[in-house]
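Bear in mind these aren't lab numbers, they're just calculated from the coordinates by the rules spelled out. As the structure is a prediction and not an experimental result, all values here were calculated from the model. Every residue, glycine among them, receives a Cβ derived from its backbone with ideal geometry; neighbour counts consider all protein chains shown.
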Amino acid sequence: MHRCFRKRNKRQIAEYINELKDLDKTLEVMCHRIEADIKKTAHEQKITKHTLQRRLLLKRHYKSVDQRRVQILGRILQLENLHLNGMQIHALKHVSNAHKEVAINPEDVEELLDKLNVFTDDFNEISERLAEDFNFNTDITDEELEKELNSELEYSSVLNSIAELPQLNVLQHTETRDVQRPVQAKIQTQIPATANAYG
């Protein structure tokens, strides 16, 4: 005869915690109801033995229920710590598996760091050379300023000296002299005289 065993589903710790919290809420409602009953006995005009017994029983019951709530709270805290421990262990397993999958070789790390250092040195050298090309010195010394000021003063004094010189009036001839006309007249007077000498 074969027996069929039903496989039970594994319950999560969070389910137990929720059940205990529901129970704590029920006990809390009971505490409020017991408190209300105790107040009713205190407001009764006629105090009898039965009233006192009832009040004492209600107080004893309230104390018992309240103690149960304390115990349930302790169980909830224990389960929460257990849940946190399980999560931590689970995470550590994943971390361990990740380390195994990565399997980093220290020599590879050293080689990578060396390459990064070489790259950094090359980059810094290139940056320095580029900075030299774009470097424009804006620092001016006091000596340079004094020299420039003296040059400016000398130039100004020369301009002032030229301005103080007397101005020369250039004579302009209104009539234009014809230089060729007297020469031509002289030639014409000489030609007849020469002709008369040969005649």
_Where GluC sites (Glu not before Pro) fall in DSSP loop in the stretch 37-115, at most 12 other Cβ within 10 Å_ = Glu44
_Cβ-defined net charge surrounding Thr41, 9 Å radius [Lys, Arg +1; Asp, Glu -1]_ = +2
*Two decimals is fine: what's Rg over Rh for the stretch 13-103, C-alpha atoms, Kirkwood radius as Rh?*
1.40
*In nm, to one decimal, how far is the modelled label at Arg11 from the one at Glu154, with both set 7 Å along Cα→Cβ?*
10.7 nm
*By how many nm would the segment from Asp37 to Lys63 lengthen if fully extended, with 0.36 nm per residue of separation less the alpha-carbon distance?*
8.0 nm
*Could you compute the FRET efficiency for Leu23 and Asn85, with r as their C-beta to C-beta distance and R0 at 30 Å, rounded to 0.05?*
0.80
*Sticking with the crude label model, points 7 Å out along Cα→Cβ, report the distance from Arg75 to Val102 in nm, one decimal please.*
4.3 nm
